[in-house]
Structure formats: structure tokens, C-alpha cells
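Participant: Sending over a structure as C-alpha cells; questions will come in a sec.
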Amino acid sequence: MYAHQSILSVLTLCCVVAFAPTAEGQTWSPHLSIGLSSATYVGETDNEFGYRSTMAGGGGVTMNLTPVIGIRAEVLYIIRGAVAENAVIDGEPTELEARFSVAYVDIPVLVVAQLPLASRVSPYVFGGGAYARNVDAQLTLISPSNDKIQQDDSSIGMNELSLVGGAGLSMSVATQKLFVEARFAGGLSNVRPDREDAPFKNRSFLFVAGVRF
């Protein structure tokens, strides 16, 4: 409870800073990105979850406070979830493969620190928090004969808070400003809020490439 309140306070403060009137010398850098998200669940569960990978993408804007430090806000569409072979359902092992697929609108607010190199390639690191809203949750059960049953998964919570960190490279190619980056997101919220006896959380990696304007 207190961890969630602290993260919300940090996100609120970052949003206020990010969208405050621009002072002299500060610049804005919008961007678009697309990439691959690889996610799983960790926590107290009878299932042994593996990673599942899907496409992700979105955009955002960075307010450059100095040549080194900036505040970045983004809106991303990301599908998280997990895969479990021989899934345990209602305490009983089965021969079914379970695929959890949860689509989120993800809103990270990040502090970015870029190395001010006189080069076409410049590394940077970033960290912060994110709020995610569940917009669609599906569970697919697959039998050994490849028969599939897909259903809405109402057990997945609607809101999630997470901590985010990563690193990237900015590149100047001809007239374009490109970047590639990798980030880790560790969920702070129980994915199934109605199951406090067996909580588990999202863990995901995101690899993206994009362009700045």
C-alpha cells in the first residue's frame, strides 16, 4: 500500500515537472518507437511460467532540462502475460498449455541521463516509474491435439504500477536522429488482486528502435 502511494507521488511529481512551462534553454524532443516485449509472471503460483514475446510500440516526448538530463513521458501499447506448459488449474495439473495475454496502455515517466559526447553515437540511461491500464485480458488453453479455447480473463487487475530502468544509444544517421534501447519493468502490483493468498507480478523486457523529431 505504502509502496504504491510512494510510486504515485513520484509519478505525479515527474508529470508536473515534465509538463510545466518550458524555461529558457529547455527543448522538447518527441519520438516514436516500435519493438519487442518479452514478459512473464513471477511470484507464488503452482505454475512454472515462461516468457512470451509480442510486438509493442508508442511514442512520447522528452523535455531536455540540460544537455545531460531530461524528463521523458510516454504512452505505449504493450502486451504482457506468460506461458505455462502442463498448466495447473484449480490445483490440478493438466496437459494443457496456458497462454496469458494482457494488453496494457503503459504510461512511463522517466529521468534520462545522456553522455554528452561529441559523436554521432551517444549512450544514455534512464529510470522511473510507470502506470499501466489493462484494456484486454485473454486466456488461451491449448490441448496436446492443438485444440484451443480462448476466453476473457477477468481475474487480471485493471491497474498496475511498476519500476522501469534501462539504457540506450542515440545515433545521427544522415538527417535522422535514431535510437535503440532496452528496458526492464518490474511490476509492483499483484496481477490477480482477488488472490492475495497467491500473488504474482509482471516482469518484462522491452527492446525498441525509434526516431526522434
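Participant: Collect the residues in segment 11-51 that are at pLDDT 95 or above, among the β-branched types (V, I, T) and either farther than 30 Å from L96 by Cβ or over 21 Å from the mean Cα position of the chain (by Cα) (or both), keeping them in residue-number order.
Facilitator: I34 - this is the single residue of segment 11-51 that is at pLDDT 95 or above, among the β-branched types (V, I, T) and either farther than 30 Å from L96 by Cβ or over 21 Å from the mean Cα position of the chain (by Cα) (or both).
Participant: Let me ask something else about it. Surrounded by 14 or more Cβ atoms within 10 Å (Cβ to Cβ), on the phi > 0 side of the Ramachandran plot, within 16 Å of the chain's Cα centre (by Cα) and not acidic (D, E) - does that describe any residue in segment 70-81?
Facilitator: Initially, segment 70-81 is screened for residues surrounded by 14 or more Cβ atoms within 10 Å (Cβ to Cβ), giving 70-74, 76-81.
Adding the requirement that they be on the phi > 0 side of the Ramachandran plot leaves 81.
Remaining after also requiring within 16 Å of the chain's Cα centre (by Cα): 81.
With the extra rule that they be not acidic (D, E), the set shrinks to 81.
Looking for residues that are surrounded by 14 or more Cβ atoms within 10 Å (Cβ to Cβ), on the phi > 0 side of the Ramachandran plot, within 16 Å of the chain's Cα centre (by Cα) and not acidic (D, E), one finds at least one in segment 70-81, hence yes.
Participant: When you scan segment 31-51, do you find a residue that is surrounded by 15 or more Cβ atoms within 10 Å (Cβ to Cβ) and among the acidic types (D, E), even just one?
Facilitator: Checking segment 31-51: not a single residue is surrounded by 15 or more Cβ atoms within 10 Å (Cβ to Cβ) and among the acidic types (D, E).
Participant: Now for a different question. Residue by residue through segment 42-58, note down the ones that are part of a strand (DSSP E or B), of a type outside the set (A, V, I, L, M, F, W, C) and in contact (Cβ under 8 Å) with a residue 40 or more places away in the chain.
Facilitator: Those that are part of a strand (DSSP E or B), of a type outside the set (A, V, I, L, M, F, W, C) and in contact (Cβ under 8 Å) with a residue 40 or more places away in the chain: G43, R52, T54, G57, G58.
Participant: For the structure I just gave you, tell me whether I142 is under 17 Å from the mean Cα position of the chain (by Cα) and surrounded by 14 or more Cβ atoms within 10 Å (Cβ to Cβ).
Facilitator: On the way: under 17 Å from the mean Cα position of the chain (by Cα): no; surrounded by 14 or more Cβ atoms within 10 Å (Cβ to Cβ): yes.
No.
Participant: Collect the residues in segment 25-41 that are in a strand (DSSP E or B) and either of a type outside the set (A, V, I, L, M, F, W, C) or touching a His at 6+ places or on another chain (Cβ under 8 Å) (or both), keeping them in residue-number order. Working first, answer last.
Facilitator: Of all residues in segment 25-41, those in a strand (DSSP E or B) come to 27-41.
Within segment 25-41, T27, S29, P30, H31, S33, G35, S37, S38, T40, Y41 meet the criteria.
Participant: With the checklist (1) under 19 Å from G50 (Cα atoms); (2) within 20 Å of the chain's Cα centre (by Cα); (3) surrounded by fewer than 17 Cβ atoms within 10 Å (Cβ to Cβ) in hand, flag the one item I156 doesn't pass.
Facilitator: The failed condition is (3).
Participant: Anything in segment 86-111 that is surrounded by fewer than 14 Cβ atoms within 10 Å (Cβ to Cβ) and under 28 Å from the mean Cα position of the chain (by Cα)? List them, or say none.
Facilitator: N86, I89
Participant: Condition first: surrounded by fewer than 19 Cβ atoms within 10 Å (Cβ to Cβ) and of a type in the set (D, E, K, R). Now tell me which residues in segment 160-191 satisfy that.
Facilitator: K177
Participant: Further, regarding this structure: Would you be able to say whether some residue in segment 202-213 is of a type in the set (S, T, Y) and at pLDDT 95 or above? Show your work before the answer.
Facilitator: Taking segment 202-213 as the starting set, the residues that turn out to be of a type in the set (S, T, Y) are 204.
If we keep only those that are at pLDDT 95 or above too, we end up with 204.
Looking for residues that are of a type in the set (S, T, Y) and at pLDDT 95 or above, one finds at least one in segment 202-213, hence yes.
The values are calculated or read from the model by the stated rules, or taken from the named source; none is laboratory data. Quantities reported herein were computed from a predicted structural model and do not represent experimental measurements. Using ideal geometry, Cβ is built from the backbone for each residue, glycine included, and neighbour counts are taken over all protein chains shown.
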